[in-house]
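K.L.:
Just passing along the structure, written as structure tokens.
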Amino acid sequence: MSDESPVILDASPDGVAAVTLNRPEKHNAFNGDVVAALDDIFETLHANEQVRVVFIRGAGRSFSAGADLDWMKAAADYTESENRNDAMALARMLKKLHDLPQFTVAMVQGAAMGGGAGLVAACDAAIAMKDAKLRFSEVRLGLTPATISPYVVKAIGPRWAKALFATGEGFDGNFAEQIGLVQYAVENEEEMEAIAEHLTQLIFDAAPGAVADAKKLVDDVLDREIDHDLLSDTAHRIAHRRASEEGREGLSAFLEKRKPRWSNG
């Protein structure tokens, strides 16, 4: 890629967006510019109703090697307050990714370390090369994966999170699939693109508003007690969907044996 921007957004007219980390010579490592660019892009995408699926990619050989060495060297001289502000920028960016109404997919090749692996966890789905190298490496530097932890723990559960956070053990794409950090482990780029196309078609067959609500539903019911309040909440949600424009269109299309308006199939 010739574009000198640290992150590139490419949104097609048909509703597919690609967000590409564009520092291949640095294995797409994070620095302040990358975090700020991602933050801006995710804010832009949140307001774009034409985009229905977002793919996060890394240019070159790696998805993202985590924190840039020069960035870490600079942080070593920061005050605690400056470090907090720096960490908050990363935390806000990850939250914006997590909260996107569109379906988000990480496409992982090569290294996905530290914050790079956290970016994978903050997406709704991930496709990884079987030989990809992932690691929550922070403890090796005397740190903890604090800002990425909410997304990783939700993705793989507390027990694996403790083991991998505390040991900093590396693992490959196959293992990442086994523990739920990625949903699809593939042999080559051709397989990766085929699954990406399959997921895109599935999302285009679904109502955009329903996709956004389905994502939020998972977050809102997670770990809640199944009591009257939860039953009432979920009943309200499905009733709202049934009465919505999308709900009425979906039912009409089903009964009339036609494609709904949102489908491009």
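K.L.:
Do the conditions hold for residue 55, that is, is it of a type in the set (Phe, Trp, Tyr), surrounded by 15 or more Cβ atoms within 10 Å (Cβ to Cβ), at negative phi and in contact with a helix residue (DSSP H, G or I) (Cβ under 6 Å, 6 or more places away or on another chain)?
P.N.:
no
K.L.:
Give me a count of the residues in the range 7-53 that are part of a strand (DSSP E or B) and either without any contact (Cβ under 8 Å) to a residue 12 or more places away in the chain or within 29 Å of residue 72 (Cα to Cα) (or both).
P.N.:
Residues meeting the conditions: 9.
K.L.:
Now for a separate question. Only one of (1) open to solvent by 20 Å² or more (accessible area, probe 1.4 Å); (2) more than 11 Å from the chain's Cα centre (by Cα); (3) modelled with pLDDT of 95 or more fails for residue 132. Which number is that?
P.N.:
(1)
K.L.:
So the check is Cβ under 8 Å with 6+ separation or different chains; which pairs have a first residue in the range 93-107 that's under 17 Å from residue 220 (Cβ atoms) and a second one that's of a type in the set (Val, Ile, Thr) and at pLDDT 95 or above?
P.N.:
The qualifying pairs are 100/54; 101/211.
K.L.:
I've got another one for you. How do the pairs read when you match residues in the range 136-156 that are free of Cβ contacts under 8 Å to residues at least 60 places away in the same chain with residues anywhere that are among the polar types (S, T, N, Q) and open to solvent by 50 Å² or more (accessible area, probe 1.4 Å), using Cβ under 7 Å and keeping only pairs 6 or more apart or on different chains?
P.N.:
Within 7 Å, the pairs are 138/144.
K.L.:
Now, a different point. For the range 13-36, name all the residues that are small (Gly, Ala, Ser), at pLDDT 95 or above and open to solvent by 20 Å² or more (accessible area, probe 1.4 Å).
P.N.:
Result: 18, 36.
K.L.:
Among the residues of the range 247-257, is any closer than 28 Å to residue 143 by Cα, open to solvent by 60 Å² or more (accessible area, probe 1.4 Å) and not in a helix (DSSP H, G or I)?
P.N.:
So far as the range 247-257 goes, no, none of its residues is closer than 28 Å to residue 143 by Cα, open to solvent by 60 Å² or more (accessible area, probe 1.4 Å) and not in a helix (DSSP H, G or I).
K.L.:
Considering only residues that are closer than 29 Å to residue 130 by Cβ and among the β-branched types (Val, Ile, Thr), which ones fall in the range 189-241?
P.N.:
195, 200, 203, 211, 218 - these are the residues of the range 189-241 that are closer than 29 Å to residue 130 by Cβ and among the β-branched types (Val, Ile, Thr).
K.L.:
Which one of the conditions (1) within 30 Å of residue 211 (Cα to Cα); (2) open to solvent by less than 20 Å² (accessible area, probe 1.4 Å) does residue 96 fail to meet, given that it meets all the rest?
P.N.:
Evaluating residue 96 over (1) within 30 Å of residue 211 (Cα to Cα); (2) open to solvent by less than 20 Å² (accessible area, probe 1.4 Å) leaves (2) as the failure.
K.L.:
Failed condition for residue 62, given (1) in a helix (DSSP H, G or I); (2) over 15 Å from the mean Cα position of the chain (by Cα); (3) within 22 Å of residue 165 (Cα to Cα); (4) not charged (D, E, K, R), with all others met?
P.N.:
Evaluating residue 62 over (1) in a helix (DSSP H, G or I); (2) over 15 Å from the mean Cα position of the chain (by Cα); (3) within 22 Å of residue 165 (Cα to Cα); (4) not charged (D, E, K, R) leaves (1) as the failure.
K.L.:
Looking at 76, 65, 17, 59 in this structure, which one is over 29 Å from residue 131 (Cα atoms) and among the aliphatic types (A, V, I, L, M)?
P.N.:
Going through 76, 65, 17, 59 in turn, just one is over 29 Å from residue 131 (Cα atoms) and among the aliphatic types (A, V, I, L, M): 76.
K.L.:
Mind checking which residues of the range 136-163 are open to solvent by 30 Å² or more (accessible area, probe 1.4 Å) and on the phi > 0 side of the Ramachandran plot?
P.N.:
Scanning the range 136-163 gives a single hit, 142.
K.L.:
In addition: Kindly check whether there is at least one residue in the range 223-238 that is of a type in the set (A, V, I, L, M, F, W, C), open to solvent by less than 60 Å² (accessible area, probe 1.4 Å) and touching a residue at least 12 places away in the same chain (Cβ under 8 Å).
P.N.:
No - not one qualifying residue is present in the range 223-238.
K.L.:
For the range 164-185, which residues satisfy the criterion of being touching an Asp or Glu at 6+ places or on another chain (Cβ under 9 Å) and either open to solvent by less than 50 Å² (accessible area, probe 1.4 Å) or of a type in the set (D, E, K, R) (or both)?
P.N.:
Initially, the range 164-185 is screened for residues touching an Asp or Glu at 6+ places or on another chain (Cβ under 9 Å), giving 165, 168, 172-174, 183-185.
Selection gives 165, 168, 172, 173, 185.
K.L.:
What about residue 95, is it modelled with pLDDT of 95 or more and in a helix (DSSP H, G or I)?
P.N.:
yes
K.L.:
Given the condition aliphatic (A, V, I, L, M), in a helix (DSSP H, G or I), surrounded by 14 or more Cβ atoms within 10 Å (Cβ to Cβ) and in contact (Cβ under 8 Å) with a residue 24 or more places away in the chain, answer yes or no: does some residue in the range 200-208 qualify?
P.N.:
Checking the range 200-208: at least one residue is aliphatic (A, V, I, L, M), in a helix (DSSP H, G or I), surrounded by 14 or more Cβ atoms within 10 Å (Cβ to Cβ) and in contact (Cβ under 8 Å) with a residue 24 or more places away in the chain.
The values are calculated or read from the model by the stated rules, or taken from the named source; none is laboratory data. Just so it is clear, the structure is predicted and the values come from calculations on it, not from any experiment. In this analysis, Cβ positions are derived from the backbone assuming ideal geometry, glycine residues included, and neighbour counts consider all displayed protein chains. Remember, those area values only see protein heavy atoms, side chains included, never the ligands or the DNA or RNA. Shrake-Rupley method; radii C 1.70, N 1.55, O 1.52, S 1.80 Å.
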